[in-house]
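Right, one structure below, let's go through it.
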Amino acid sequence: AMLRDEGISLKLDVAGDGPFRQKIVRQVEQLDLSSQVRFLGHLSHDELLARMGAGDWDLVVLPSVVADDGAKEGIPVALMEAMSFGIPVVSTNTGGIRELVGDDGGCLVPQRDPRALADAVKLVVTNHPLRRAMALAGRRRVDREFAIDVAVERLLQLFQPAPRPTVAVR
């Protein structure tokens, strides 16, 4: 709604289901955003990946928060997958998200700050060179740091037995 009021035209697809869906649907209706927001419900992993690969989305936004009990995201696979397809990401600086996004793989904002989130989305959708740079940096980062072969190699190195010290016997 903030971006609409600033003259920024966007379409938003909300994927997933859960206990907050009806509350979000009501909020979308109250803000008169029903023509801009589409609720996709649960998407299978294969469908989600196929749609990312087909270029259905120009940006993935994951406004994660730390729960009241302290639970938080590790490294969200949804963001990693988006970045692997060269889709820029906007998320919150919670849990392990900074470890994934780094300094140039996306925009990070404080949790529970709708203005900061809206400003980050506006920046990415209106600044084409930045969006392209973030997309490339995010893809490179996932390929370099989080690809399965890289992760396996790191794990193998961690589990290698330490070399035995040489003991001289006289």
So V90, is it part of a strand (DSSP E or B) and open to solvent by less than 40 Å² (accessible area, probe 1.4 Å): yes
Taking the condition open to solvent by 90 Å² or more (accessible area, probe 1.4 Å), of a type in the set (A, V, I, L, M, F, W, C) and at pLDDT below 80, does V169 pass? yes
Kindly establish whether A162 is in a loop (DSSP other than H, G, I, E, B), open to solvent by 40 Å² or more (accessible area, probe 1.4 Å) and not β-branched (V, I, T). yes
Only unsatisfied item for A67, checking (1) surrounded by fewer than 11 Cβ atoms within 10 Å (Cβ to Cβ); (2) of a type in the set (A, V, I, L, M, F, W, C); (3) in contact with a Gly (Cβ under 8 Å, 6 or more places away or on another chain), is (3)
Segment 103-130, residues that are surrounded by fewer than 18 Cβ atoms within 10 Å (Cβ to Cβ) and closer than 12 Å to M83 by Cα: D104
Please go through segment 47-64 and pick out each residue that is open to solvent by 70 Å² or more (accessible area, probe 1.4 Å) and within 15 Å of V125 (Cα to Cα). D56, D58
With the structure loaded, tell me whether A15 is in contact with a strand residue (DSSP E or B) (Cβ under 9 Å, 6 or more places away or on another chain) and either surrounded by 14 or more Cβ atoms within 10 Å (Cβ to Cβ) or modelled with pLDDT of 95 or more (or both) or whether it fails that test. yes
Conditions (1) surrounded by 13 or more Cβ atoms within 10 Å (Cβ to Cβ); (2) among the aliphatic types (A, V, I, L, M); (3) at pLDDT 95 or above; number of the one not met by V150: (3)
Test each condition in (1) under 16 Å from I75 (Cα atoms); (2) among the charged types (D, E, K, R); (3) open to solvent by 100 Å² or more (accessible area, probe 1.4 Å) for R141 and report the one that comes out false. (3)
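The values are calculated or read from the model by the stated rules, or taken from the named source; none is laboratory data. Everything numeric in this text was worked out from a predicted model, so none of it was measured. Backbone-built Cβ (ideal geometry, glycine too); neighbour counts: all protein chains shown. We work out accessible area using only protein heavy atoms, side chains counted, and drop any ligands, DNA or RNA first. Shrake-Rupley method; radii C 1.70, N 1.55, O 1.52, S 1.80 Å.
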